[in-house]
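What follows draws every value from the coordinates through simple rules; no lab data is involved. None of the values given here were measured: they were computed from a predicted structure. Here Cβ is always computed from backbone atoms with ideal geometry, including for glycine, and neighbour counts include all displayed protein chains.
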Amino acid sequence: MATVTYTVEQPSKGVTIVTWAALANGDNGTPFETVCHEAVSAQVVGTFGSGGTVVVEGSLYTSSPTYAVLNDVANAALSFTAAKIEGVQEKAYRYRPNVTAGDGSTALTVKLLLASGAN
């Protein structure tokens with residue numbers, strides 16, 4: 001189990017894309033802290049392997065964070081077992097992916113799009 005560091009892109013004003021690459025079974029992402037965003041989307045791609053599952057978690061805690069699985073806009077848990085993009089319902093202070101299942105071939109990339117509306 002490793003904690004994977006993210007990279008950040010800002011392709012246009014008001015848009016931030018955070019990427020955690022090569023997440024394996026048992027890995028989680030270094031939490032990304034953010035405020036002042038109006039819309040959040042999550043995309044997962046890669047090799048899921050046997051039973052591969054990644055969830056997107058959030059926390060409102062500024063110290064000693066406690067994480068909870070976030071929901072999509074249809075109020076279903078953001079739990080990915082196949083490649084797709086989902087809108088995130090809740091806003092959080094910290095976001096991170098958490099690979100909760102998979103096998104030795106699991107290698108996933110998770111991207112978050114954070115938009116502030118000031119584009």
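For the chain, set up a Gaussian network in which alpha carbons nearer than 10 Å are linked by springs, and say which option among T62, T19, T53 fluctuates the most.
Per the Cα network of the chain with a 10 Å cutoff, T62 tops the list.
Compute the relative contact order of the chain as a whole-number percentage, counting only Cα pairs closer than 8 Å that sit 6 or more residues apart in sequence.
Values: 323 pairs, mean separation 49.0, N = 119.
Over the chain, the number comes to 41 percent.
Could you work out how much longer the chain between T19 and S116 gets when fully extended? Use 0.36 nm per residue separation minus the Cα distance between them, nm to one decimal. Show your work: numbers first, answer last.
On the way: separation 97, 0.36 × 97 = 34.92 nm, distance 1.77 nm.
Full extension of this stretch gives 33.1 nm more.
Through the Karplus equation 6.51 cos²θ - 1.76 cosθ + 1.60, θ set to phi - 60°, convert the phi angles of the stretch 40-54 into ³J(HN,Hα) values in whole Hz; use x for Gly and Pro.
Going residue by residue, I get 9, 10, 10, 10, 10, 9, x, 9, 7, x, 6, x, x, 9, 10 Hz, with x marking Gly and Pro.
Cα centroid distance between the stretch 1-37 and the stretch 39-111, in Å?
Rounded to whole Å, the Cα centres lie 11 Å apart.
Run the reach check for K91 against aspartates and glutamates, Cα to Cα strictly under 20 Å, same-chain hits fewer than 8 apart removed. What comes back?
E9, E33, E38, E57, D72
Taking neighbour Cβ counts within 10 Å as the exposure measure, how do Y6, Y93, Y61 sort from fewest upward? Mind dumping the intermediate values first?
Values: Y6 19, Y93 15, Y61 11.
In increasing order of surrounding Cβ atoms, one gets Y61, Y93, Y6.
Running a GNM on the chain with Cα contacts under 10 Å, which residue among V35, V54, V45 ends up with the highest mean-square fluctuation?
Greatest mean-square fluctuation among the candidates belongs to V35.
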